[in-house]
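For reference, the structure is listed below as structure tokens.
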Amino acid sequence: MRITFVVPTLDQSGAERQLTLLAKGLPANEFDVDVVALNRGGYFAEELRGNGIPVTVLHKRFRFDPFTWLHLRQHLARRRPHIAQSWLFAANTYIRAPGVCPNGTRIIVAERCVDSWKQRWQLALDRRLRGNMRLMTANSKSVAEFYRDVVGVPDEKIRVIPNGLPLVPHNESSLRKEIGLGPDAKLIGFAGRLAPQKRLEDLIWGFHLLQQVVDNTYLVIIGDGPERDSLSEFSRSALSRNKVFFCGHRVDASALISQLDLFCLCSSFEGMSNSLMEAMAAAVPCVVSDINSNRELITHDETGWLFPVGDPVALCRQATALLQDPETARIRALAAQQAILENHSVDSMVQRHIDLYREITSSAETV
């Protein structure tokens, strides 16, 4: 079965990681996989090629680049895949454009987030193209509900396939030494894109309160994004700058997450957070905002703790309780790790896609 995955880039980010795990996990005796990146390759391109999966980069230059449309059309015409699966808005738009896919190719669109950031024209385009696909996959029930209620994708065209994640072993490497702290320092942390929906000012405010109650605590922010400079300035104004460390984008983010004493996620919306899953897989206690997608991963006071969105005082209160009761934190973190193992393994994610591919190619129906 020939499958072509289409994605804007292969940068080190959540959707690209899931694509790579899936492409590598599909059995080679049943599936012939290739990947097309519209804009550029990136971190995962070499990993894919190293596993024998061809990667083609189209070097898209503009938001709507007619040459990219043409080159993608030509690539798919030569390959004639049984399935073309796209990931993220730009690729989802190009793959559903009229005339891009050959007749008989089943189109699957993968949506990864509750995309409340989309502007009217983007939502209008999604609505216009929603009929030009066989199915949509969503990585959480929250994402499925958004595209059903806001875009109008019918339930029968949506399949929820949660993210898969390998277990992350606890890493004893040198994060504390790297940032000049002793082995007894307590690290509260976040990993991800520094963007408005992550509400990192809430995290900094919550930490500012926390470090006045719990001694020897520090905040580690892993990742980069448009708010980095403003957050750095905000941490200075909160009088916590010498206790807040911005690590920037790191290829070893998973290893850094595993060294935290507490992982915090304050987002106002998510799809299914890969960094939260990595923290859970590494048995790091997690305190996260009470939003639908986080509730799909965290059961309050069983596998982690929830606090109201936009309430740094509640965040501080919960984090303080956990740091002062490490045994309870450890027990809940181990329960979270077990939940990832049972419900979000890579093997399970891959098998659900295999079942889906077999289902839609067993029928003579075309897009």
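The values are calculated or read from the model by the stated rules, or taken from the named source; none is laboratory data. All figures in this text were calculated on a predicted structure; none of them were measured in a lab. Here the Cβ is made from the backbone with ideal geometry for all residues, glycine too, and neighbour counts use every protein chain on show.
For the reader, a short list of remarks on this structure follows.
- Pairs, first in contact (Cβ under 8 Å) with a residue 60 or more places away in the chain and in the same structural domain as Tyr94 (by TED's automatic domain parsing) in the stretch 28-40, second buried (at least 23 other Cβ atoms within 10 Å of the Cβ) and not aromatic (Phe, Trp, Tyr), C-beta under 8 Å, six or more apart: Phe31/Ile3
- Put simply, of Asp215, Asp229, Asp184, Asp224 the only residue that is surrounded by fewer than 14 Cβ atoms within 10 Å (Cβ to Cβ) and closer than 27 Å to Glu16 by Cα is Asp229.
- Restricting the stretch 305-362 to residues that are more than 30 Å from Val214 (Cβ to Cβ) and among the charged types (D, E, K, R), the residue that is surrounded by the most Cβ atoms within 10 Å (Cβ to Cβ): Arg352
- Single residue of Val109, Val220 found to be outside any loop (DSSP other than H, G, I, E, B), in contact with a Cys (Cβ under 8 Å, 6 or more places away or on another chain) and not hydroxyl-bearing (Ser, Thr, Tyr): Val220
- Entry remark, the stretch 107-156: residues being more than 21 Å from the chain's Cα centre (by Cα), surrounded by fewer than 23 Cβ atoms within 10 Å (Cβ to Cβ) and touching a residue at least 60 places away in the same chain (Cβ under 8 Å) number 3 in total.
- A single entry from Glu278, Glu270 fulfils the requirement of being assigned by TED's automatic domain parsing to the domain that holds Cys316, surrounded by 19 or more Cβ atoms within 10 Å (Cβ to Cβ), more than 18 Å from Arg199 (Cα to Cα) and of a type in the set (D, E, K, R): Glu278.
- Listed by position, the strands (runs of 3 or more DSSP E) enclosed by the stretch 248-367 that each have at least 3 residues that are in contact (Cβ under 8 Å) with a residue 24 or more places away in the chain are 262-265, 286-289.
- Checking each residue in the stretch 76-95 for being in contact (Cβ under 8 Å) with a residue 40 or more places away in the chain and either β-branched (Val, Ile, Thr) or in contact with a Ser or Thr (Cβ under 8 Å, 6 or more places away or on another chain) (or both) picks out Leu76, Arg79, Arg80, Pro81, His82, Ile83, Ala84, Gln85, Tyr94, Ile95.
- For the stretch 195-204, the criterion of being without any contact (Cβ under 8 Å) to a residue 24 or more places away in the chain and farther than 22 Å from Glu278 by Cβ is met by no residue.
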